[in-house]
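The values are calculated or read from the model by the stated rules, or taken from the named source; none is laboratory data. Just so it is clear, the structure is predicted and the values come from calculations on it, not from any experiment. Here Cβ is always computed from backbone atoms with ideal geometry, including for glycine, and neighbour counts include all displayed protein chains.
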Amino acid sequence: MLLRNVNSLPCCDATSVAIQWHMARVKGKKAETPRPSLPPEVPEEAKALLRLWEQRPVGEDGEQISQMNFGLKYDLGSQGNIGHYLHGRQALNLRAAIAFSKELHRPIADFSRRLATQLRALELSDPVLDVVEGIGKLPDADQHQVLDFISYRFERAHESLFASGKTLQHYLQMIQRLKRTPKK
């Protein structure tokens with residue numbers, strides 16, 4: 001036999017969670033794994049999300065998307081990750097909430113008021129919207145340079161998973177208003 005079977009721990013840092021878990025298990029104790037606490041809204045969010053998930057629309061192939069395919073489509077991880085979101089073991093983040101919203105064709109507020117509020121706060125802090133407020137004060141030539149910039153941002157936002165309808169609407173309004181302004 002080339003290798004001997006040894007019942008000793010590998011030489012690792014004794015403070016690692018894995019080593020502590022193993023030592024507690026060897027001693028017959030339940031390992032206390034430090035877990036971050038979840039926001040108190042998570043169980044309610046998970047129940048609402050699971051209810052909507054079970055009613056999810058049928059895709060073009062005539063079937064509902066699986067948790068695995070959903071995770072792959074939106075780059076949210078494995079089926080296990082999606083299950084954790086749906087059953088409240090993992091708190092939803094904004095990225096996951098937007099993906100669920102798109103797939104379920106429902107607003108985020110239908111399953112998470114907490115994240116809907118965060119999203120609204122992000123919409124208010126959009127740097128392009130700050131530019132929009134002062135656009136009328138610029139000379140015409142500069143306004144058209146800003147038009148190019150906003151058009152570029154609109155195209156990027158339109159492709160983005162994080163763009164909300166309100167942000168896209170602001171971009172469209174600015175583009176239309178600037179296009180109506182005659183060039184000098």
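Which one of 110, 75, 61 is assigned by TED's automatic domain parsing to the domain that holds residue 50, more than 26 Å from residue 46 (Cα to Cα) and modelled with pLDDT of 75 or more?
On inspection, the qualifying residue turns out to be 61.
Within the stretch 57-93, track down each residue that is hydrophobic (A, V, I, L, M, F, W, C), touching a residue at least 40 places away in the same chain (Cβ under 8 Å) and not in a helix (DSSP H, G or I). Quick ask: steps written out before the conclusion?
Initial filter on the stretch 57-93 (hydrophobic (A, V, I, L, M, F, W, C)): 58, 65, 68, 70, 72, 76, 82, 86, 91-92.
After this cut, where a residue has to be touching a residue at least 40 places away in the same chain (Cβ under 8 Å) as well, the list is 86, 91-92.
Within the stretch 57-93, 91, 92 meet the criteria.
Out of the residues in the stretch 90-119 that are among the charged types (D, E, K, R) and exposed (fewer than 15 other Cβ atoms within 10 Å of the Cβ), state the one that is farthest from residue 79 (Cα to Cα).
Pass one, the stretch 90-119, residues among the charged types (D, E, K, R): 95, 102-103, 106, 110, 113-114.
From what is left, the residues that are exposed (fewer than 15 other Cβ atoms within 10 Å of the Cβ) are 95, 102, 113.
Numbers: 95: 16, 102: 18, 113: 25 Å.
Across the stretch 90-119, the extreme among qualifying residues is 113.
Restricting attention to the stretch 35-56, which residues are part of a loop (DSSP other than H, G, I, E, B) and among the hydrophobic types (A, V, I, L, M, F, W, C)? Break it down into steps so the answer makes sense when it comes.
Taking the stretch 35-56 as the starting set, the residues that turn out to be part of a loop (DSSP other than H, G, I, E, B) are 35-41, 55-56.
Across the stretch 35-56, the qualifying residue is only 38.
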